[in-house]
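This report refers to the structure that appears directly beneath it.
The values are calculated or read from the model by the stated rules, or taken from the named source; none is laboratory data. What you see is a predicted model; the values in this text were computed from it and never measured. Positions of Cβ are generated from backbone atoms using ideal geometry, with glycine treated the same way; all protein chains shown enter the neighbour counts. SASA here: full protein model, heavy atoms, side chains in, ligands and nucleic acids out. Shrake-Rupley method; radii C 1.70, N 1.55, O 1.52, S 1.80 Å.
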Amino acid sequence: MILVTGAHGSLGSATLSALRARGALATGGSRTPGEGIRRLDFDDPVSLDLAGVSTLVLVSAGYAEDDQVVERHAAVLAAAVRDGVHHVVYTSLTGAGDHLGFALAHRASERLVRASGLAWTILRNGLYAELFGGLLMWADDGVESAFADGALAAVARQDLAEAAATVAADPARHAGHVHELVGTPITAGQVADRLGVRHRTIGLGEYRRRLLDETPGLLPFQPPMLASIATGIRHGFLDGTTTELANLLGRPVRDPLATAVAAASATRAGARAR
């Protein structure tokens, strides 16, 4: 049986759906279980029951400080070894993202995966096109960002979910592989053009100020994380692309520009509704 962690999250739920659509015997795990979902709370080792699981899709538990993220992954991997899991598929971060503020937790977790003694596959996922569009800030006369003319090899989340399902359904074929899963480079200007508005660049200092002063609900680790994404895109560190994702899927990737445009439109609609 295949188990996908984070089954109520965006990537985990899409991966589980993709597995079930292809007829795989798969279930999910979540700290908030429901029908057909096991309770798996990474912060509660007693809940980490992986009995009967042959392949574990470990969706990164990245919503925390690095030390907590790595401790969570270590606990899950220890449970996987204890309960006889054969193969772990870890959703990591693209190699180009080593400059980002959240990369170290991924690289440390990759080390844990490799050292676990389990068969493994690492999926180095590019940044979501949904995130790119959602980070554009609406102003009266268009959208603003700190991305300048920089491009991101963005990828639709659904493509990453289907790639994870492809690997998990046939793990032996991908054992010991690190897959670099990025999309097609897009810019904020291209998104603005599709939306029929102008794009204005703001400085990184202004962007950081807005994150700190004007964005309620952000946790302390999130502003530097988001600022690192902005400077990485702005200075051309995240625009490299490959055909590996399309090869793995056996089809062309989804258009990341269309996905980013839809996300930006949703952000605007949400702002208008408030």
Fill in: Extreme residue, most open to solvent (accessible area, probe 1.4 Å), among residues of region 234-256 that are closer than 14 Å to G126 by Cβ and free of Cβ contacts under 8 Å to residues at least 24 places away in the same chain
T243
Worksheet, complete the sentence: Among (1) part of a helix (DSSP H, G or I); (2) out of contact with any Phe, Trp or Tyr (no Cβ under 9 Å at 6 or more places or on another chain); (3) open to solvent by 20 Å² or more (accessible area, probe 1.4 Å), E71 falls short only on (2)
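Would you check if A79 is small (G, A, S), more than 20 Å from V4 (Cα to Cα) and either more than 17 Å from the chain's Cα centre (by Cα) or at pLDDT 95 or above (or both)?
Values: small (G, A, S): yes; more than 20 Å from V4 (Cα to Cα): no; either more than 17 Å from the chain's Cα centre (by Cα) or at pLDDT 95 or above (or both): yes.
It is false that A79 is small (G, A, S), more than 20 Å from V4 (Cα to Cα) and either more than 17 Å from the chain's Cα centre (by Cα) or at pLDDT 95 or above (or both).
Anything in region 171-194 that is open to solvent by 60 Å² or more (accessible area, probe 1.4 Å) and under 28 Å from G95 (Cβ atoms)? List them, or say none.
Initially, region 171-194 is screened for residues open to solvent by 60 Å² or more (accessible area, probe 1.4 Å), giving 172-173, 177, 184, 190, 193-194.
Answer for region 171-194, where residues must be open to solvent by 60 Å² or more (accessible area, probe 1.4 Å) and under 28 Å from G95 (Cβ atoms): A172, R173, H177, T184, Q190.
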Worksheet item: What is the residue count in region 140-157 for residues that are in contact (Cβ under 8 Å) with a residue 24 or more places away in the chain and either open to solvent by 30 Å² or more (accessible area, probe 1.4 Å) or charged (D, E, K, R) (or both)?
Response: 4
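Return the residues of region 101-145 that are of a type in the set (F, W, Y), touching a Leu at 6+ places or on another chain (Cβ under 9 Å) and not in a helix (DSSP H, G or I); say none if nothing qualifies.
Pass one, region 101-145, residues of a type in the set (F, W, Y): 102, 120, 128, 132, 138.
With touching a Leu at 6+ places or on another chain (Cβ under 9 Å) added as a condition, the list becomes 102, 128, 132.
Answer for region 101-145, where residues must be of a type in the set (F, W, Y), touching a Leu at 6+ places or on another chain (Cβ under 9 Å) and not in a helix (DSSP H, G or I): F102, Y128.
Out of the residues in region 195-220 that are farther than 19 Å from H235 by Cβ and crowded, with 17+ Cβ neighbours inside 10 Å, state the one that is nearest to the chain's Cα centre (by Cα).
Quick first cut of region 195-220, residues farther than 19 Å from H235 by Cβ only: 195-198, 209-210, 212-220.
If we keep only those that are crowded, with 17+ Cβ neighbours inside 10 Å too, we end up with 195, 197.
Values: L195: 25, V197: 28 Å.
My answer is L195.
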Worksheet item: If you take the residues in region 1-24 that are open to solvent by less than 30 Å² (accessible area, probe 1.4 Å) and touching a Lys or Arg at 6+ places or on another chain (Cβ under 9 Å), which one is farthest from E35 (Cα to Cα)?
Response: L11
